[in-house]
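Encoded as structure tokens, the structure appears first; notes follow it.
We did not get these values from a lab; they are worked out from the coordinates using the rules stated. Keep in mind that this is a model prediction, so the values were computed, not measured. Note that we place each Cβ from the backbone using ideal geometry, even for glycine, and neighbour counts take in every protein chain shown.
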Amino acid sequence: MEKRFLTTFLLVSVTVATMFAQQDSTQSWKMTMARHDVQVGIGDPFVAGWMTGNKFLFLSDMTPLEEEANAPDMWFKKDVFKGYSFTTGALSVAYRYRVAKWLWVGGTVGYVGFHTAYIDRLTHEKAGTDHTDLVMVMPSVRFSWLNKKYVTLYSGLSAGYAISIVKSFNDLDGGASLTLRHHFAGQLTAVGVHVGTKWYGFTEVGFGLQGIVSAGFGCHIGAPKK
């Protein structure tokens, strides 16, 4: 009877100890890894430019402002071409909260600006402007599949809403316009890498409004002391 009791006790003790050991192993990351992450980045505006119809390279387009430049009603109007286009790049600020060792949830806000001047072909004076502001808000998830002290590798997905505000003015007819357009906002991060501890630099490769290639810096807030 005592042997059976002792055997049962040992089995229960080993089972309970194993369960607690597994739990400690599962939860141990909370003692050594940061829970909050804030990052600031900049990427290429290729997708944003394609979505809004803006060139993102510093190029000049010698085509007339109006598609029907040779139409009779254009004969006595200024001959105007697109000047150089400038962009802010895809700027973003993101916050994420670590809910598991490998899983982060959070959100991203971003901005991309485009500015194009229209130039009089004869006088080379500015004859008009186009300015586009694209603002995006996207909930996001991130999966970190390598978690080391100084290096983190991850992938991620963001999806949300974007609005573009297009402001145009030209002195061909003295007109000005303001147009609002609504867009789907998304970003797929194929591979991203963080290098650092509390403060880190990062680079990401993917596809979306944050760019095909982006980089920046971030901070783990409230990271436990190791």
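Table for the structure above
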item	result
Under 20 Å between alpha carbons - lysine pairs in region 103-226 that sit 8 or more apart or on different chains	9
Ascending count of other beta-carbon atoms within 10 Å, so fewest first, for Met33, Met138	Met33, Met138
Separation in nanometres of the label points that stand 7 Å from Cα toward Cβ, at Ile163 and Val38	2.5
Sequence ranges 183-193, 109-119, 83-93, ranked by mean other-Cβ count within 10 angstrom, highest first	109-119, 83-93, 183-193
